[in-house]
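A short reminder: the numbers here are calculations on the coordinates, not readings from a lab. Everything quoted here is computed from the prediction, not taken from an experiment. Don't worry about glycine lacking a Cβ; one is built from the backbone with ideal geometry, like all the others, and counts go over all protein chains shown.
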Amino acid sequence: MSVLKERRRNWFISHKAQRQHRVLRTRLFLLPPLLICLFPPLLAADCQVELATGAIVTCTGVDLDGVATGALNDTVTVAAGAIVSKTDEKTVDTTATADAVTINGGDGNNTVTNGGAVDATATATANPANSTLSQAMANAIALQTGDGLDTLSSTSGITATATSLAHSSDVSVTLAGADSTQGSTLSEATAIGIFAGGGADTLTNFDHITTSATATASALNVDLKIMGLSSSDASTTAHANAIGMAGGNGADTITNHHQINATSLATVLATGVTVSGLQLDFASPTDAGIEAVAEAFGITGDGGDDTLNNTGAITANSTATATTTGIEVQFAGLSETKTATTAQATATGITGLSGSDTISNSGAITAAAIATASATGVSVSALHVALGTPENAGVEAIAQAYGLSGGTGDDSLTNTGSIATTGTATASATNVDVQAVSLSSAIASTLAESTAIGIDGGEGGRFDHQL
Ligand SMILES: [Ca+2]
Ligand SMILES: [Ca+2]
């Protein structure tokens with residue numbers, strides 16, 4: 001073969017190879033989306049689903065989509081070494097809702113077993129928008145079931161993290177007419193490790209459960225004008241709720257042998273808020289209050305006659321902070337007007353809530369609640385003719401910490417372990433002036449109340465938490 005032919009042959013082979021490479025590269029480039037179209041569960045998730053009378057789901061690798069089965073009797077297993085997580089992050093103007101339930105068995109008699117890691121993360125951020133106040137809701141639950149007789153157990157780590165931020169700024173809102181109008185700034189964060197809904201369920205934990213709920217609400221330079229025939233909600237509220245294990249309604253059996261950490265943080269800040277107007281309904285109060293509510297529970301039985309047992313370590317921490325600076329209220333109405341600044345923190349190791357519960361602890365429980373409320377430069381000038389409902393422009397900080405709490409009902413509480421509880425409440429008011437002309441009294445008091453109880457039989461609905 002001549003040199004020329006040899007070079008032409010090599011050139012041809014070279015270009016043929018390049019062409020084949022380009023075709024192959026194109027096919028490889030198209031392959032993944034094609035496979036995703038054909039087999040979405042196989043590529044998008046690492047949980048295999050077998051359909052029988054109910055779903056049988058087995059997770060063996062890394063899954064970022066979570067699992068949701070229907071109303072039949074389902075079995076969901078997260079194998080050792082597997083990671084199942086779900087994240088929902090929303091950042092929008094005005095109203096943001098984030099919901100992350102990682103494994104949801106739905107109704108029916110379900111069996112949910114975690115031997116790997118299950119994580120839920122929900123983050124909702126509501127930014128200021130024109131003429132509207134912001135609301136943010138974040139809900140994160142790692143393991144959840146609905147009605148039915150469910151068995152949920154975990155031998156590996158679980159986390160649930162919920163963060164909500166509602167920020168209203170430079171807003172002028174007029175609430176008018178007979179219909180209730182959205183005039184509140186609201187931030188709600190709920191984080192639960194294991195939650196069984198209605199029915200008599202069995203929940204057992206052998207490893208870490210870490211839940212964290214952080215809710216922040218801020219109102220800056222907000223002008224509210226109320227001309228209403230119905231109730232007006234012009235409040236600024238942050239509500240954070242963190243729970244390790246919750247039984248829901250029904251006679252549940254909940255046992256913890258390892259470590260539960262539940263932490264809630266609620267912060268509300270109101271600066272430069274003016275409320276003015278006329279309220280014409282006897283029965284409907286106007287709520288222009290500033291309120292931070294933080295709740296943390298290691299284990300809650302909720303409704304029903306529950307059996308709750310802890311041999312592990314439970315830590316429940318709640319912190320509520322409400323800060324008001326420069327609030328001016330000029331109001332005339334037929335019913336009460338609430339303009340109080342309130343911080344309420346509740347931390348509970350184990351509570352049965354309603355029903356006749358049996359609670360025993362041989363482990364270590366720590367519960368700490370911190371509530372701080374402060375108001376500076378508050379001026380309230382009100383005229384109203386409500387009977388028996390005082391004008392409330394006070395500053396309140398309430399901190400409650402309990403180790404074991406029976407809630408309502410005929411409960412049996414036994415402790416052979418250790419319990420440490422602390423409640424810290426601080427309230428301060430500077431330049432708060434209330435001038436109310438009314439048929440009832442006006443309150444501009446400053447209240448700081450802290451409670452720390454190791455074992456509380458409970459009665460009278462001290463807890464209003466109900467899932
Ligand atoms: Ca089901
Ligand atoms: Ca239940």
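A protection proxy built from the mean count of other Cβ atoms within 10 Å ranks the segments 410-421, 354-365, most packed first, as 354-365, 410-421. Remark: C-alpha extents of segment 78-194 on the principal axes read 55, 29, 13 Å, sorted largest to smallest. The fewest-to-most ranking of Asp201, Asp63 by surrounding Cβ atoms within 10 Å reads Asp63, Asp201. In summary, the aspartates and glutamates within cross-link reach of Lys90, defined as a Cα separation below 18 angstrom excluding same-chain residues under 8 places away, comprise Asp65, Asp99, Asp119, Glu188. In terms of surrounding Cβ atoms within a 10 Å radius of their Cβ, Phe297, Phe331, Phe206, Phe195 rank from fewest to most as Phe206, Phe331, Phe195, Phe297. Full extension of the segment from Val49 to Asp223, taken as 0.36 nm per residue of separation minus the current Cα-Cα distance, would add 57.3 nm.
Ordering Thr351, Thr376 by the number of other Cβ atoms within 10 Å of each residue's own Cβ, fewest first, gives Thr376, Thr351.
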